[in-house]
Amino acid sequence: AKHQIGFSWNEVSRRYVTSDISFWIPEYLRQNCANKKQGSSLDEVVDNTKLMRQYLKLQLDCKALYEKMIESDVCGEQARMILPQSMMTEWIWSGSLYAWSRMYNLRSCDGVQLETSLYAREVGKICKERFPMCWKYLEIR
């Protein structure tokens, strides 16, 4: 579930911005974890090197096609459909301290997608530093 209660956000839209395309590249691909609803093990998949090469090639191919579409005057809202979910973006996410604590408490625990958990823990560090008195009562972990 997306955390929406108590938050508002604004994200860069590829309808209007056609430059600065970069992709998130993991250190390695992790194995699935059979005993978790979501999340993964920390073990590397067997074909990691081969799969990572294919992953990187696909990203570059998608970027090249996107750029060709833009150069061919295809509108941004259609050209962006070729870009993968691993594309980096920027956004402003604002919310109440209670909303941040709810997100932190739900997403900083074990069993959550590693990248999400790392992000939530950074949020917790920032909130604890900036709002130590309140955070003491909002942080469950």
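The values are calculated or read from the model by the stated rules, or taken from the named source; none is laboratory data. Model, not experiment: these values are computed from the prediction. Just the protein is used for accessible areas: all its heavy atoms, side chains included, with ligands, DNA and RNA removed. Shrake-Rupley method; radii C 1.70, N 1.55, O 1.52, S 1.80 Å.
Compared with the dominant Cα axis of the chain, that is its longest principal axis, helix 97-107 is turned about 70°. Against the chain, whose longest principal axis comes from its Cα atoms, helix 48-71 is set at around 70 degrees.
Could you tell me what percent of the accessible area of segment 1-116 is made up of carbon and sulfur, with a 1.4 Å probe and every protein chain present?
Values: 4450 of 8490 Å².
Solvent-exposed carbon and sulfur of segment 1-116 make up 52 percent of the total.
Give the accessible surface of the chain per residue, rounded to a whole number of Å², with probe radius 1.4 Å and ligands, DNA and RNA excluded. Walk me through the numbers on the way to the answer.
Details: 10570 Å² over 141 residues.
I get 75 Å² per residue for the chain.
Per residue, how much space in cubic angstrom lies within the convex hull of the C-alpha atoms of the chain? Could the numbers behind the result be given before it?
On the way: hull volume 19.2 nm³, N = 141.
About 136 Å³ per residue, rounded to a whole number.
Working note: Debye formula, equal point scatterers on the alpha-carbon atoms of segment 102-141, no solvent; log10 I(q)/I(0) at q = 0.24 Å⁻¹ is -0.71.
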